[in-house]
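To start, the structure itself, in structure tokens.
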Amino acid sequence: MTPRLVRTRSQLADALAAPAASPARRAVVMTMGALHEGHLALVRAARERADQVVVTIFVNPLQFGAGEDLERYPRDLDGDLALLAGAGADVVFAPGVEEVYPGGEPLVRVSAGALGERLEGAHRPGHFDGVLTVVLKLMHLVRPDVALFGQKDAQQLMAVRRMVHDLDVDVEVVAVPTVRDPDGVALSSRNAYLDAEQRTRARVLSRALRAAQDAAGDGAPAETVRQAAVDVLAAEPGVVVDYVALVDDTASDVAPDHVGPAVLAVAARVGTTRLIDNVVLHLEEGR
Ligand code: PAF
């Protein structure tokens, strides 16, 4: 099925209002394009939960800081549409910047609060405010019942969940597990920046997560679990670690005696490419 491509708000409104399209349940998958199997997993999960699936493709300038990769961020609308044709999307909304931000950058924005200042937010000030602002705008334009986000961007998922909860947005948020290549590397549009040697080095992130997972499985306390990941990362030359953190659902560090779910999140630079990855763990009472 070839999805219907719409570029403007009014074309989107028409596509959503078409009588044949009036769905009992509408899902949205928001993307910045450069689609890969991870995005397609989101679309397939959306298809299972809704009668109509809308995919948005928009490289949101608001969430890129000065000196980040806004200009070189990969863009390939034709390739994206070809991939989506087989994945079950009904409508693809691919607006230009002027369409999303008529009159320039918005004066009023959504704030991610303290959640947006930790981990990724500490390295990318304003990033999550930019993400939440566009996510809320796209929710208003698409009016979905359910929105699907990848677990890969764990802090983004936390921020969206909190926004929906704190601002009473009537949308169900569903997390979809991270898709990995057979070598363990989490799929990401930014992997395209890695050369062959860097790509091999990038495997260390998932190895570090596995070490933490094993430690948690052995009943180790929080700091031992975190340290297991730190040690694996430290042994890989050419990988500069930004953070290794064991956090709760507000991206705050868990207490040393924490028991229950937690997210082990890592960020590291391989060459000039910054990669993030995470795993959801369950910390048990000390054995
Ligand atoms: O995860 C992304 O691709 C982006 O942050 C999102 C959610 C599409 C908002 O621009």
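Summary table below
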| item | result |
| --- | --- |
| Per-region count, the stretch 258-287, residues farther than 23 Å from ARG162 by Cβ and part of a strand (DSSP E or B) | 6 |
| In the stretch 74-98, the residues that are of a type in the set (D, E, K, R) and under 14 Å from GLN52 (Cα atoms) | ASP90 |
| Cβ pairs under 9 Å, 6+ apart, first in the stretch 247-270 and exposed (fewer than 14 other Cβ atoms within 10 Å of the Cβ), second in a strand (DSSP E or B) and modelled with pLDDT under 95 | none |
| Top-ranked residue in the stretch 175-223 [being within 16 Å of the ligand (Cβ to nearest atom) and of a type outside the set (Gly, Ala, Ser); ranked as farthest from the chain's Cα centre (by Cα)] | TYR193 |
| Residue within the stretch 49-66 that is free of Cβ contacts under 8 Å to residues at least 40 places away in the same chain, out of contact with any Lys or Arg (no Cβ under 8 Å at 6 or more places or on another chain) and not aliphatic (A, V, I, L, M) present | no |
| Some residue of the stretch 147-166 being buried (at least 20 other Cβ atoms within 10 Å of the Cβ), closer than 17 Å to ARG25 by Cα, away from the ligand (no atom under 11 Å from the Cβ) and touching a residue at least 40 places away in the same chain (Cβ under 8 Å) | no |
| Unmet criterion (only one of (1) farther than 22 Å from ARG7 by Cβ; (2) surrounded by 23 or more Cβ atoms within 10 Å (Cβ to Cβ)) for VAL135 | (1) |
| Enumeration of residues in the stretch 118-141 that are within 12 Å of the ligand (Cβ to nearest atom), assigned to a helix (DSSP H, G or I) and not acidic (Asp, Glu) | HIS127, PHE128, GLY130, VAL131, LEU132, THR133, VAL134, VAL135, LEU136, LYS137, LEU138, MET139 |
| Count of the stretch 206-232 residues which are touching a Gly at 6+ places or on another chain (Cβ under 9 Å) and within 23 Å of LEU275 (Cα to Cα) | 4 |
| Out of ASP51, ASP90, sole residue that is surrounded by fewer than 17 Cβ atoms within 10 Å (Cβ to Cβ) and away from the ligand (no atom under 13 Å from the Cβ) | ASP51 |
| Out of ALA147, ALA114, sole residue that is at pLDDT 95 or above, touching an Asp or Glu at 6+ places or on another chain (Cβ under 9 Å) and not in a loop (DSSP other than H, G, I, E, B) | ALA147 |
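The values are calculated or read from the model by the stated rules, or taken from the named source; none is laboratory data. Bear in mind that the values here come from a model prediction, so they are computed numbers and not experimental data. All Cβ positions, glycine included, derive from the backbone under ideal geometry; neighbour counts span all protein chains shown.
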